[in-house]
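Single-structure report; data block below.
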Amino acid sequence: MKRVFPLLLSILLVFFAVGNIFAKGAQENAKITLRIASPSEGPDSIKIYDAMMADFEKSHPGVTVTWDRSSGDDYQFQGLPSLLASDTPPDIYFEWGGNRVKNHAEDGEALDISTLANEVRPNLVSSAWSGAVFNNKTYMLPTNQDVTIMMWYNKDIFSKLSLSIPKTWDQFLSICAKIKGAGITPILMGNSDAWVAGNFVGVFLYRIAGDDIADEVLSLKKGTRFNNPGFIKAMEYASELGKKGYINRDLNTLGYDPSFARLFDNSSAMYPLGTWFKTEVIPENAPDPSKANFDFFNLPAFPDGKGDQTSYMGLNNGFVANAKTKYKELAIEFLKLMIDKKYQVQFAKIGTFSTVKGTLDKSDPYISKVLDLMNSTQTLVSPPDTGYNLEMAESLYAAIAQVLVNAKTPEAALSAVDQKINHLRK
Amino acid sequence: MIAKKNSYILFALPAVLLFLIIVVIPLLFTVLFSFTEWRRFNIINFGTMEHYIRSTKDPVLRKAFIHNLIYILFTIFLESGVGLILAGIVIHLRRSIIYRSLFFSPIILPSIVVGVLWRQIYAYHSGLLNSIIGLFGGKEIDWLSYPFTMLSVSIVSGWLFSGFFMTIFYAGLARIPDSIIESAKLDGASSSKIFLKIELPLIKNLIMLALLIVTTGGFKGFDLFQILLRRDPMESGIVMPVFLVRVFFENQDIGYGSAVSVLLTFVVIAIIIIINFINKTFVGKVEEF
């Protein structure tokens, strides 16, 4: 008995010691919170992300994943910059590919994920990496692609008025006239956040001034001016839409979300918006999403345009790992999980254009039509507010907003842009 | 003995320290930052005057400043002017507490509620105002767009704060002895004459105080503009605080934002000095009752 007691005591001590080590390890892990930030998304997308987070937490005991979501506009302008400057910055954050990712890389807020990119490259479509790579280093893992501007139209109204899809600008004006004649607003925009009309007329700038010239002006290349003949012409086209009453007069005071009520009550016929119209706008705003009868067409060709008249405005979206994260390996692992086919197939099913190969159901007419639009051109142009300097984009969008309601002439509005962004050209 | 003599310092110390930490030190930092070049939230250069030079040429800053002055002019009438008229009316009413509570009540509402409520009133499509105009056969007006933006926001501001100024003026009017009013009435003065010739001069110090609050407060108006106008794509209602938020947080231009803040501080101080000068030179002291 005398010998057994010390033995039992030793076993107990070893048991406690080992238990303590494990408990300490679990405690340390329990302190790990992987923070992710993104703009708000539709309920179907959130469900998939929730499953992703649950799976990650399951495979990483002690790690908690939190997801901070704010409305797209708030996230873009104030939410993300404030989060990144805070004491608890996100470890992973959503970004729109292009100039914004480049800025994060230059500011030391984006982790070089080239190794991960090389590893997953065979699984992703080749066009996915545009806007994610700078100086031969990859800073964003592209998860999906968006067409930013396509003209969504109410098929019932078009069929009732016997309208067909316009191929030229004149045909487009002609259908607008017919729609207006029927007492319906031809083009609806909720532009109180400035970017809807900004992106819409942004397409005009590329198509009319020429893709390269527009890119140079928007990139603030030395010697370029906004008040140039191509941009003036493009703004004149926009102004014409406003003058003829083809756009809702209150576009600049109408909110993005409230605007959809006037689309789904059949009082407006068209809305220029991106692919998320299908995945977010209809499910969240249509009274009965299954009865929302909408289709889209790419903007028609301008008669005297110098740019590619088949171009489309779009971008790659993805997630960036924060270079300042304490949990670089975990962040990389989570990024890798994000492009797992298991989830991306589900995203593709709800209409997201996943960058992962083999996820899109090409037999789906909608998906097939969007892919046709993407493949029908060599020219992908960037939205001014994500592809270029944000301050410049804001000034340009103000000019567009003023021209559409004819508060300023195209020359005066563009000249004001030159004046406003003069300090950025230095 | 010495300790007792200087004990007041101990009493003043917490307040002085708090003032230093909350006001003076941030102000000094702002001045310092205004001479600094920033790359987002990181300092890259010190000793530049560029931000001040840029401020003289910035058309948006000019626009925001002019809008602020317009807002202040409108609110002088819509907040303090209407408040004065309400006080003049309410003081003569029986059970004035009911009316005072009613007029004061908007101020207790959160700005977001006020903003959303008035967005519905101003809505172009089926908003309350345009529906009324429609009843009389009028054409819809985009109230929150150019050229109505500043007037529309100022009206909301007036609706919100006139009750507050009414309370200040009411307190002043209530302190005027009844004997003065009674003797004026015996001399045959009408109610409007009593108000204009007796009551108003006796509360002129309060009017100057209201002017000071409206003028300096006008440069701080942010929430209503943000909620009512959202991003205000036409910049038809951009004011200094909104401009500064965009410069600081969206453009992350700390140096330029600091320079504009410093200039704005000087403008507000100058306005306070001018109002105090007017107060001392033209208004003078009012007899206490």
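Derivation of every value follows stated rules applied to the coordinates shown; laboratory data play no part. Note that the structure is predicted; figures quoted are calculated from it, not measured. Virtual Cβ from ideal backbone geometry, glycine too; neighbours counted across all protein chains shown.
If you run the Gaussian network model on chain B, springs between alpha carbon atoms under 10 Å, then out of B:PHE148, B:PHE195, B:PHE29 the most flexible one is B:PHE29. If we count every other residue with Cβ under 14 angstrom of A:THR310's Cβ, Lys/Arg +1 and Asp/Glu -1, where does the sum land? So the surrounding residues net to 0.
When Cβ neighbours within 10 Å are restricted to other protein chains, what is their mean count per residue of peptide A:244-254?
If you average over the peptide's residues, the count of other-chain Cβ atoms is 6.
Shape of the range B:1-157 from the C-alpha gyration tensor: oblate (a/c of 1.5 or more and a/b not above b/c, with a ≥ b ≥ c the square roots of its eigenvalues). Shielding value for B:233-246 is 4, the average number of Cβ atoms from other chains within 10 Å of each residue's Cβ. Treating only the Cα positions of chain A as identical point scatterers, give the base-10 log of I(q)/I(0) from the Debye formula at each q in 0.10, 0.11, 0.13 Å⁻¹. Values, matching the q order: -0.72, -0.86, -1.17.
Comparing the range A:219-353 with the 2.2 N^0.38 Å rule of thumb, its C-alpha radius of gyration ratio is 1.44 (two decimals).
Taking Lys and Arg as +1 and Asp and Glu as -1, the other residues whose beta-carbon sits under 15 Å from that of A:SER174 total +2. Quick one: helix A:328-338 against the long Cα principal axis of chain A, what's the angle to the nearest 10°, folded into 0 to 90? Approximately 60 degrees, to the nearest 10. In terms of the mean number of neighbouring beta-carbon atoms within 10 Å, the peptides A:412-419, A:322-329 order highest first as A:412-419, A:322-329. Taking a straight Cα-Cα cut-off under 18 Å and skipping sequence neighbours fewer than 8 places away in the same chain, the lysines within cross-link reach of B:LYS197 are B:LYS185, B:LYS285.
Compute for the range A:124-164: radius of gyration divided by Kirkwood radius, i.e. Rg/Rh, restricted to C-alpha atoms, rounded to two decimals.
Result: Rg/Rh = 1.35.
GNM remark for chain B: springs join alpha carbons under 10 Å apart, and the peak mean-square fluctuation among B:ILE107, B:ILE227, B:ILE273 falls on B:ILE273. Note: relative contact order over chain B, using C-alpha pairs below 8 Å and six or more positions apart, is 30 percent. Take the Kirkwood radius over Cα pairs of the range B:95-175, plug it into Stokes-Einstein at 25 °C and 0.890 mPa s, and you get 171 µm²/s for translational diffusion. Max-minus-min Cα coordinates of the range B:182-289 on each principal axis give 66, 29, 20 Å, with the largest extent listed first.
Among the residues of B:142-150, the average count of other protein chain beta-carbon atoms within 10 Å of the residue beta-carbon is 4. Here the range A:410-424 and the range B:63-109 have alpha carbon centers that stand 39 Å from each other. In this structure, the residue pairs whose Cα-Cα separation is over 28 Å, taken from A:LYS233/A:LYS420; A:LYS328/A:LYS357; A:LYS160/A:LYS408; A:LYS278/B:LYS139; A:LYS306/A:LYS408, are A:LYS160/A:LYS408; A:LYS278/B:LYS139. Taking the inverse of the mean 1/r over every pair of distinct Cα atoms in the range B:59-283 gives a Kirkwood hydrodynamic radius of 19.5 Å.
Within the range B:155-247, the trypsin sites (Lys or Arg not before Pro) that combine a DSSP coil assignment with at most 14 other C-beta atoms in a 10 angstrom radius are B:ARG175, B:LYS220. Just to confirm a number: summing +1 for Lys and Arg and -1 for Asp and Glu over residues other than A:LYS233 whose beta-carbon lies under 13 angstrom from that of A:LYS233, what do you get? Around A:LYS233, the charge tally is -2.
When each of the peptides A:291-303, A:144-156 is scored by how many other beta carbons lie within 10 Å of its residues on average, the order from highest to lowest is A:144-156, A:291-303.
Expressed as a fraction of 2.2 N^0.38 Å, the C-alpha radius of gyration for the range B:240-289 is 1.78. For chain A, the relative contact order comes to 25 percent (Cα pairs under 8 Å, sequence separation of at least 6). Given q = 0.10 Å⁻¹, what are the Debye log10 I(q)/I(0) values for the protein assembly as shown, with equal point scatterers placed on the Cα positions and solvent ignored? Here the Debye-derived log intensity ratios amount to -1.09.
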